[in-house]
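For reference, the structure discussed in these notes is given below.
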Amino acid sequence: MEEELHSPQASKVNNPILEETPLLPWVERNGFSHWAMAFIWLFAGLILFQTIGGIISLILILPSVADITDANAIIEALMANINVQLQANSIGQFLIIGLASYYMSRLHAVKGKHNEFLRLKSAPNLLPNIGLSILLLVSSWGLIGFLGWMNTGFFNWLMEIFPTLSFFQDLQDQMLEIITGFIKSDNAVIYGLIYIALVPAIFEEVMFRGYIQRALENSWGIKAAIIVSGFMFGAYHLQPANLLPLSFLGMIFAYVTYISDSLIPAMILHFINNGSQVVYGSMNPEFLEAAADPTDIGLPWFMIILSVIVTTSLLLLMYKMKTKADYESI
C-alpha cells in the first residue's frame, strides 16, 4: 500500500498541479518564439533545398557527360535534360520542404499532437469544405490574374529604377523556358502532373500551411498567420513579378486550411491549380511562350469584378459555416 502511494502514477493523481499543468512544446520550454523559428526554417530550408537540388542534379547528369571537368558541358547537359532537373527538384522537395519540415515542426508541437499541429488529418464537414474550396479557387482565378497584371507592371517600373532587379526576371524567364521545354516533351502531361502538381501539392503544403501557418498562429493569431504565411509562400518562389498572385493564392490555401482544420483541401487545391496549368500549357504551348503585355489585363473587367464578388461571397459563406459548426460543437 505504501509503495502504491509513492509510485509515479499515485503522485500524479494526488498532485492536482502536475495533473493540470499542460505539456509545452520544445520551442516554449527553451524560450524560443514560434514565429522566429518558422522564419529561420524558411530561409534555412530554402538554402538547403536549392543546395540539395543542385547536388542531386549533378549526380543524375554526370554519367551522361563525356568530360565531367568541363563545366560548360555539364550546364549544356542539364539544359538538354529538363526531366533530370525536375526529378532533382522533386527529390529536394521531398527531403527538405516536406520531410525536414515535418520533423522541424515537432519542435512546435506537444508530444503526441504532432499530426494535429500540422492538420495532417481528416475533420468534420471535410467533403463540403473541399467542394466549396474548389469553387473558391476557380472563382479567384480572375482576381489572381488581375493581381498578376498589376504586379508585372509595378515590377517592370521598378526594374527601370533599379536595373539589378532584372536578375530575378532572368531567373524567372529561365525557369519558364525549362517548363515550356518540358511541356513540349513526350509524356509531358503525366510527368508534369507528378513533378509540377502532385509533389508541390503535398510537400509545400506540409511546410507552409502545416508548419509555418500553425507556428505563426501560435504567435500572432489566425488573421496574421494567413496573411504572413501567404506572403512567405509567394516570396519562396523567387518570382518578384508574380509575388502578389502567388501570395494571394497562398492566402487562399491558408484560409481553407483554417476553415476545414485539415491540410487535405489545400493539397487538393494546390494540385488542381498547378495541374490545370500543366494540362492547359500542354494543349496551348504558345500560351507559355507569349510575353506578358503590361497594357493588357487579359480578362474583361466584368469577369474580374464577378471574380471579386463570388470569391468574397464564398469566403464569407465558409466562415459562417465554420462559426456555426464551432458553436454547435460547444
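Observations, loosely collected:
- Some residue of the stretch 15-34 being basic (K, R), closer than 30 Å to I222 by Cβ and modelled with pLDDT under 90: no
- Close pairs from the stretch 79-97: first over 13 Å from I61 (Cα atoms) and in contact (Cβ under 8 Å) with a residue 24 or more places away in the chain, partner of a type in the set (D, E, K, R) and buried (at least 22 other Cβ atoms within 10 Å of the Cβ), Cβ under 7 Å, at least 6 apart: I97/E204
Conditions tested, residue by residue: (1) within 29 Å of W41 (Cα to Cα); (2) under 17 Å from the mean Cα position of the chain (by Cα); (3) surrounded by 16 or more Cβ atoms within 10 Å (Cβ to Cβ); (4) not acidic (D, E).
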position: F94; (1), (2), (3), (4): yes, yes, no, yes
position: S105; (1), (2), (3), (4): yes, yes, yes, yes
position: N129; (1), (2), (3), (4): no, no, yes, yes
position: L147; (1), (2), (3), (4): yes, no, yes, yes
position: S166; (1), (2), (3), (4): yes, no, no, yes
position: D186; (1), (2), (3), (4): no, no, no, no
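- Any chance G210 is touching a Ser or Thr at 6+ places or on another chain (Cβ under 7 Å) and modelled with pLDDT of 90 or more: yes
- Cross-chain or 6+ apart pairs with Cβ under 6 Å, the stretch 185-196 first and closer than 18 Å to H270 by Cβ, then at pLDDT below 90 and of a type in the set (S, T, N, Q): V189/S282
- When each of Q93, Q87 is tested for being over 30 Å from L216 (Cα atoms), modelled with pLDDT of 90 or more and touching a Phe, Trp or Tyr at 6+ places or on another chain (Cβ under 9 Å), the lone residue that passes is Q87.
- Against the criterion of being of a type outside the set (S, T, Y) and surrounded by fewer than 20 Cβ atoms within 10 Å (Cβ to Cβ), L193 qualifies.
- Matching residues in the stretch 295-330 - criterion: being β-branched (V, I, T) and free of Cβ contacts under 8 Å to residues at least 12 places away in the same chain: T295, I305, I309, T312, T323, I330
- Per the listing T311, T295, the residue uniquely modelled with pLDDT of 95 or more and within 27 Å of F155 (Cβ to Cβ) is T311.
- Of residues in the stretch 116-127 being surrounded by fewer than 18 Cβ atoms within 10 Å (Cβ to Cβ) and not in a helix (DSSP H, G or I), the one nearest to the chain's Cα centre (by Cα): L120
- The set of residues in the stretch 47-87 being closer than 19 Å to V206 by Cα, under 18 Å from the mean Cα position of the chain (by Cα) and among the hydrophobic types (A, V, I, L, M, F, W, C) consists of I47, L48, F49.
The values are calculated or read from the model by the stated rules, or taken from the named source; none is laboratory data. Keep in mind that what you see is a predicted model, and the values were worked out from it rather than measured. Here Cβ is always computed from backbone atoms with ideal geometry, including for glycine, and neighbour counts include all displayed protein chains.
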